[in-house]
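Structure first, commentary second.
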Amino acid sequence: MCEDGRMSDTATAANIALVSRHYEEFLNCGDMSAADRDLRPDFVDHAAPPGTPPGRESSKAFIAMVRSAFSDIRVTEEDVIANGDMVAVLGLWRGTHDGPFFGIEATGRYCEMRGMVLWRVVEGQLADRWAVLDYDALLQTLQGDSSS
């Protein structure tokens, strides 16, 4: 950190690299050990689906559910903005619906969903996650509604 309290360019770059690595290893590759490495023990996912456990287990449960429904899921970071300990990612999720997802049986449909995720980094680990994901568009695709 700089003397005036701002994050250095090096610290900001390290925060961006942490988030990017987390997406690649945890979400895209399904490496659950990445959650233990990247997420603080007191991690809070402010956008976790109802009923998911707290802490790291929340993210593990969510990613396991997503990967079981979209086994070829890939998230592409379209834009990344960082300011201090915060990293914002505009992402595009892509995958084939080949397993149950929120009560919808596999459709075999290729799906895309955009989302904005904000991460807070503390001492080299992810402490908080806030997300706005376009589940409405995803559900329309899964239900065969192409009117959007």
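Exactly one residue out of Ala48, Ala131 is under 18 Å from His22 (Cβ atoms) and modelled with pLDDT under 95, and it is Ala48. Count of the stretch 15-30 residues, restricted to those that are in a loop (DSSP other than H, G, I, E, B) and either surrounded by 15 or more Cβ atoms within 10 Å (Cβ to Cβ) or in contact with a Gly (Cβ under 7 Å, 6 or more places away or on another chain) (or both), is 1. Taking the criterion of being open to solvent by 10 Å² or more (accessible area, probe 1.4 Å) and more than 18 Å from the chain's Cα centre (by Cα), the residues of the stretch 83-104 that qualify are Asn83, Gly84, Asp98, Pro100, Gly103, Ile104.
Set side by side, the residues Arg120, Arg129, Arg94, Arg114 differ, and just one is over 30 Å from Asp42 (Cβ atoms), among the charged types (D, E, K, R) and out of contact with any Pro (no Cβ under 6 Å at 6 or more places or on another chain), which is Arg94. Restricting attention to the stretch 46-82, the residues being open to solvent by 50 Å² or more (accessible area, probe 1.4 Å), in contact (Cβ under 8 Å) with a residue 12 or more places away in the chain and within 30 Å of Asp9 (Cα to Cα) number 6. Taking each residue of the stretch 98-113 that is under 11 Å from Ala69 (Cβ atoms) and part of a loop (DSSP other than H, G, I, E, B) and looking for partners that are open to solvent by less than 50 Å² (accessible area, probe 1.4 Å) and among the aromatic types (Phe, Trp, Tyr) with beta-carbon atoms closer than 8 Å, six or more apart or interchain, yields Asp98/Phe70; Gly99/Phe70. Among the residues of this structure, Ser33 does not count as one that is more than 30 Å from Ser8 (Cβ to Cβ) and not hydrophobic (A, V, I, L, M, F, W, C).
Among the residues making up the stretch 33-45, those that are loosely packed, with under 15 Cβ neighbours inside 10 Å and not in a helix (DSSP H, G or I) are Pro41, Asp42. Does at least one position in the stretch 55-71 carry a residue that is in contact with a helix residue (DSSP H, G or I) (Cβ under 6 Å, 6 or more places away or on another chain), modelled with pLDDT of 95 or more and either on the phi > 0 side of the Ramachandran plot or outside any loop (DSSP other than H, G, I, E, B) (or both)? Checked against the condition, which is being in contact with a helix residue (DSSP H, G or I) (Cβ under 6 Å, 6 or more places away or on another chain), modelled with pLDDT of 95 or more and either on the phi > 0 side of the Ramachandran plot or outside any loop (DSSP other than H, G, I, E, B) (or both), the stretch 55-71 yields no hits at all. For the stretch 114-146, which residues satisfy the criterion of being exposed (fewer than 12 other Cβ atoms within 10 Å of the Cβ) and in a strand (DSSP E or B)? Matches in the stretch 114-146: Val132 only.
The values are calculated or read from the model by the stated rules, or taken from the named source; none is laboratory data. None of these values were measured; they are calculated from a predicted model. Glycine also receives a Cβ, built like all others from the backbone with ideal geometry; neighbour counts cover every protein chain displayed. Calculation scope for accessible area: heavy atoms of the full protein, side chains included, ligands and nucleic acids excluded. Shrake-Rupley method; radii C 1.70, N 1.55, O 1.52, S 1.80 Å.
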